[in-house]
Amino acid sequence: MALTRINNNISAINANRNLRTTSNDLSKSLERLSSGLRINRASDDAAGLTISENLRAQINGLNRAVDNASDAINLVNTAEGALIETTSRLQRIRVLAIQAANSGTNDSVALQAIQDEIETSIQEITRIADTT
């Protein structure tokens, strides 16, 4: 019967295990440094990753809400400009109507000029309404 002998070098095995552990820790540290993130994968911190992903989703939602609010503000500003121009045109039509009502000071040429300006203003109001 032959006996085989297995030699163990406990010190070398421990040194190898410590080297692997240190190498893994170094790799994780370098990954964190290069990415700038504390959590790069679920194995780093599963609960922290879940929380950070929820926060990231909330941030994305809030950014979209800000974009929507900005779009709404632009829409209101456009509508406001159209209303200001329409109001200005309507006030001019009112002035022209009052001027035309003073029949003693207007001849037919002046009345026709007033009528033409009123029609132009009405067409412009219609254009503003159609394009806004």
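The figures follow:
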{"quantity": "Two-site FRET efficiency, D130 against A65, from Cβ-Cβ distance with R₀ of 25 Å, rounded to 0.05", "calculated": "0.20"}
{"quantity": "Counted charge near A110, where neighbours are those whose Cβ lies closer than 14 Å (Asp, Glu -1; Lys, Arg +1)", "calculated": "-3"}
{"quantity": "Global geometry of segment 30-73, whether rounded, prolate or oblate, following the gyration tensor of its Cα atoms and the 1.5 cut on a/c", "calculated": "oblate"}
{"quantity": "Phi-based couplings in Hz for segment 107-120 (Karplus 6.51, -1.76, 1.60; Gly and Pro marked x)", "calculated": "9, 5, 5, 5, 5, 5, 5, 5, 4, 4, 5, 5, 5, 4"}
{"quantity": "Label-to-label distance, nm, for residues given as L26 and Q112 (7 Å Cα→Cβ offset)", "calculated": "9.9 nm"}
{"quantity": "Along the chain, longest interval not containing exposed trypsin sites (Lys or Arg not before Pro), exposed being DSSP loop plus at most 11 other Cβ atoms within 10 Å", "calculated": "42-132"}
{"quantity": "Residue-by-residue Karplus 3J(HN,Hα) for segment 36-45, coefficients 6.51, -1.76, 1.60, Hz, glycine and proline x", "calculated": "x, 10, 6, 10, 9, 8, 4, 5, 5, 5"}
{"quantity": "Computed helical MRE - 222 nm, the chain, DSSP H runs ≥ 4 contributing -39500 (n - 2.57), nearest 500", "calculated": "-29500 deg cm²/dmol"}
{"quantity": "Nearest-ten-degree value, helix 46-101 long axis tilted from longest Cα axis of the chain", "calculated": "10 degrees"}
{"quantity": "Matching label, Cα Rg over 2.2 N^0.38 Å computed from the structure shown, candidates (i) 2.86; (ii) 1.05; (iii) 1.92", "calculated": "(i)"}
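Read the figures in this text as sums done on the coordinates, not as results from a lab. Fair warning: this is a prediction, and the values are worked out from it, not measured in the lab. Cβ sites come from the backbone with ideal geometry, for glycine too, and all protein chains shown count toward neighbours.
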